[in-house]
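The values are calculated or read from the model by the stated rules, or taken from the named source; none is laboratory data. Here the structure is a predicted model, which is why all the values come from computation and not from measurement. Note that each Cβ is placed from the backbone with ideal geometry, even for glycine, and that neighbours are counted across all protein chains shown.
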Amino acid sequence: MAASGRVISSVAYSRASCARCIEERLVGGEGFAVDASLIKADANRQKGIEGEKGLPPEAAGRAIEEYLTVLDDAAFGAATEVTPKFVSPSDPAARWTGAHGGQAFFAYSTNYLIDVENAIIVDVEATTAIRQAEVLAAKRMIERSMERFDLYPARLLGDSGYGSAEMLGWLVYEHGIEPHVTVFDKSARTDGIFSREDFTYDHAEDIYRCPAGKVLTTTGALVNDGATMLYLASKRDCDRCALKSQCCPKQASRRVPRSIYEGARDMARQIARSWQGSTSRRLRKKIEMLFAHLKRILRLDRLRLRGPTGARDEFILAATAQNLRKMAKLVPMPTPRPA
């Protein structure tokens, strides 16, 4: 069967299985969870070519053609500007990764979006094995579930990989989804200097107050990535402050950055401290169990097909099989009528 026809068939089966699960009321639609797992590609790690050198001119084949096709796709070639250490000549779209901590290998990521009520897989997407692509896949899957099945989740569960300011802002401001997601935050300091969390933000006045009670203001100008505002203290206040050695010993005055998505980040932090956040962290294990089932029971710890199309095809068919197994367990068999 041609690759395009194979993918159309797998997508059709996936949609049909999810639609049947919705029909059987196995999908609540209230809470979704998202995560990704690495699956080894059908590529020999010992035959990798240095990424800086690129593919040899004589390289050819379906996987090569697909690789060239997805170079501008943000889920694959355009996910990052970083050149991989090695490239596989047999499947160049597979990403060289050492994320598991052992020997590095070529891999793809299978991304799941599940309904947490019965762990039904609502959508699945194949991407290169890098976090930026996995976050994009999460957005695509959420939007597809809205378009295909009219499912609008009230909350999304996820780990810190989905806890960037931009992602949280997308969930809260664009779709009104509660972010039951661990916030990705590197503002904490270990050198004895006050961290950002030591400064108190006043929403009404749009100012920060330092531990000494002085005010930090902003002009509202966006800096760095175009999504950050800087709040500055007065140099006069800092020069006379007894806490200067703990606040800004090498600067004239203290600066505190604040993301334009900080409101969404604060919401995620509040949820994490609540009992709902504790429950969500427990429910998040359901998606991890699906990945364990995928690799240990269905034996999909290594792909049989090459290229993005092959990876997508295998991931979709495996997710469909998992949904069918779940439906067989949860949907009661009809009682036979006597003749």
Exercise for the section: Starting from residues that are of a type in the set (A, V, I, L, M, F, W, C), under 24 Å from Arg299 (Cβ atoms) and in a helix (DSSP H, G or I), keep the ones in segment 17-59 and report whichever is nearest to the chain's Cα centre (by Cα). Expected result: Cys18
Handout entry: Flag for Arg265 being among the basic types (Lys, Arg), surrounded by 13 or more Cβ atoms within 10 Å (Cβ to Cβ), in contact with a Ser or Thr (Cβ under 7 Å, 6 or more places away or on another chain) and closer than 20 Å to Ser164 by Cα
Key = yes
Exercise for the section: Go through segment 204-217 and give me each residue that's farther than 13 Å from Tyr231 by Cα and exposed (fewer than 11 other Cβ atoms within 10 Å of the Cβ). Expected result: Ala204, Gly213
Problem - Selection status of Ser90, touching a residue at least 40 places away in the same chain (Cβ under 8 Å), surrounded by 14 or more Cβ atoms within 10 Å (Cβ to Cβ), of a type in the set (S, T, N, Q) and in a loop (DSSP other than H, G, I, E, B) - result: yes
Practice task
Go through segment 81-99 and give me each residue that's more than 20 Å from Thr309 (Cα to Cα) and either hydrophobic (A, V, I, L, M, F, W, C) or in contact with a Cys (Cβ under 8 Å, 6 or more places away or on another chain) (or both).
Solution key: Val82, Phe86, Ala99
Exercise for the section: Only one of these is at pLDDT 85 or above and out of contact with any strand residue (DSSP E or B) (no Cβ under 7 Å at 6 or more places or on another chain): Ile120, Ile64, Ile39, Ile114. Name it. Expected result: Ile64
Problem - Qualifying residue in segment 270-278 (condition: closer than 23 Å to Ile120 by Cα and in contact with a helix residue (DSSP H, G or I) (Cβ under 6 Å, 6 or more places away or on another chain)) - result: yes
Practice task
Mind listing just one residue for me: the one in segment 184-201 that is surrounded by 10 or more Cβ atoms within 10 Å (Cβ to Cβ) and farther than 17 Å from Arg269 by Cβ and, of those, nearest to the chain's Cα centre (by Cα)?
Solution key: Arg189
Exercise for the section: Kindly indicate the residue of segment 311-339 that is in contact with an Asp or Glu (Cβ under 8 Å, 6 or more places away or on another chain) and assigned to a helix (DSSP H, G or I) and also surrounded by the most Cβ atoms within 10 Å (Cβ to Cβ) among those meeting that condition. Expected result: Phe315
Exercise for the section: Filter segment 93-111 for residues that are surrounded by fewer than 24 Cβ atoms within 10 Å (Cβ to Cβ) and in contact with a Pro (Cβ under 6 Å, 6 or more places away or on another chain) and give the result. Expected result: Trp96
Fill in the blank from the handout: Taking segment 121-134 and keeping residues out of contact with any Gly (no Cβ under 7 Å at 6 or more places or on another chain) and in a helix (DSSP H, G or I) leaves Gln132, Ala133
Practice task
Tell me which residues, restricted to segment 138-177, are within 21 Å of Leu283 (Cα to Cα), part of a helix (DSSP H, G or I) and not polar (S, T, N, Q).
Solution key: Ala138, Lys139, Met141, Ile142, Gly161, Tyr162, Met167, Leu168, Leu171, Val172
Exercise for the section: With a cut-off of at least 1 residues that are outside the structural domain of Thr219 (by TED's automatic domain parsing) and not basic (Lys, Arg), name the helices (runs of 4 or more DSSP H) lying wholly within segment 233-309. Expected result: 262-273, 275-283, 285-296
Exercise for the section: Would you confirm whether any residue within segment 251-274 is touching a Pro at 6+ places or on another chain (Cβ under 9 Å) and free of Cβ contacts under 8 Å to residues at least 60 places away in the same chain? Expected result: no
Exercise for the section: Please work out which one of (1) part of a loop (DSSP other than H, G, I, E, B); (2) of a type in the set (Gly, Ala, Ser); (3) at pLDDT 95 or above is the condition Gly102 fails and give its number. Expected result: (3)
